[in-house]
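The values are calculated or read from the model by the stated rules, or taken from the named source; none is laboratory data. For clarity, every value in this text was computed on a predicted model and none was experimentally measured. Counting neighbours? That spans all protein chains shown, and the Cβs are built from the backbone with ideal geometry, glycine included. These accessible areas exclude ligands, DNA and RNA; they are computed on the full protein's heavy atoms, side chains included. Shrake-Rupley method; radii C 1.70, N 1.55, O 1.52, S 1.80 Å.
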Amino acid sequence: ASARMAEGRAPDFTSVHVGAGTTMQYRYLMGYELAPGLQKWGDVIPFSNSGPGKTGKVNTEIIASGAYSFEPAPLNMDPTDSVMINTIPGNGAAHHQMGSGTSHATPTTAGGAALGFQAYFVTHGEFPAADHAKAVLMGAADDMHFDPFKQGAGWLNAATFCKLMSGGDATVSY
């Protein structure tokens, strides 16, 4: 923020800094777990950014799926050269790979935010102000019971965000 102010620009309080958390749903699908729903999830991955930055802003503001999770794989990817799972040539529904990183978590958060913007638009006939949307997104996150410098507001909860953006009642985690 101080560099932006020195250049005569206001700091940006509407961007969302996303961290990566674990999702282990692959363990059941690969036969490592006996029943669905028993997989451990919701840890902040060690490579994810944390702590306050030089400007004092919390670096991670929300956590989303970004480690040990399935993601779509390119249809033209050679399954022998990758971590692809359940690959059936030419079948996009079965073309998956393991993914990790904030490059997975950030689009997940953007997608959840887009759903909330759509819910707001359908209800109010206009898009929300960016600072309002960010505040609601942060308030809708589920507390992961980590240090706030590590988890930010918590785990992305797109369903709660959409309910709140459409004017509905929703439970906010504390």
Check: Near GLY116, within a Cβ-to-Cβ distance under 11 Å, what is the net charge of the other residues, with Lys and Arg +1 and Asp and Glu -1?
Finding: +2
Check: In the neighborhood of GLY139, defined by Cβ-to-Cβ distances under 15 Å, what is the net charge if each Lys or Arg adds +1 and each Asp or Glu adds -1?
Finding: -3
Check: Scaled to the compact-protein estimate 2.2 N^0.38 Å, what is the alpha-carbon radius of gyration of the range 111-163, rounded to two decimal places?
Finding: 1.19
Margin query: Let me cross-check HIS17: its accessible surface, 1.4 Å probe, with only protein heavy atoms counted, in Å² to the nearest 10?
Written below: 60
